[in-house]
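Reading through the structure tokens given below for one structure.
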């Protein structure tokens, strides 16, 4: 993993936390749209990687609403 990709992932985690801190809960499509407004070249894979890391650290909770829709909610901050 390059330093540039580590920086982008870390920065994306901060953006996700800040967005969820304001709204408390978001659908994955809303989150993707908000992030794409800031980062034009972001991939779903990068977002999923950041979400997985945040969920494993206990900062967010991701649950499935429908077959293709996920609900992402803010749990706590560090």
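The values are calculated or read from the model by the stated rules, or taken from the named source; none is laboratory data. Because the structure is a prediction, the values reported are computed rather than measured. Because the Cβ atoms are built from the backbone with ideal geometry, glycine has one as well, and the counts that use them run over all protein chains shown.
Here are some notes:
- Of the residues making up segment 66-76, those that are in contact (Cβ under 8 Å) with a residue 12 or more places away in the chain, under 16 Å from residue 32 (Cα atoms) and either out of contact with any helix residue (DSSP H, G or I) (no Cβ under 9 Å at 6 or more places or on another chain) or exposed (fewer than 14 other Cβ atoms within 10 Å of the Cβ) (or both) are 69, 73.
- Failed item, numbered, when residue 12 is tested on (1) surrounded by 15 or more Cβ atoms within 10 Å (Cβ to Cβ); (2) at pLDDT 90 or above: (2)
- Extreme residue, modelled with the lowest pLDDT, among residues of segment 23-65 that are exposed (fewer than 13 other Cβ atoms within 10 Å of the Cβ) and in contact with a strand residue (DSSP E or B) (Cβ under 8 Å, 6 or more places away or on another chain): 65
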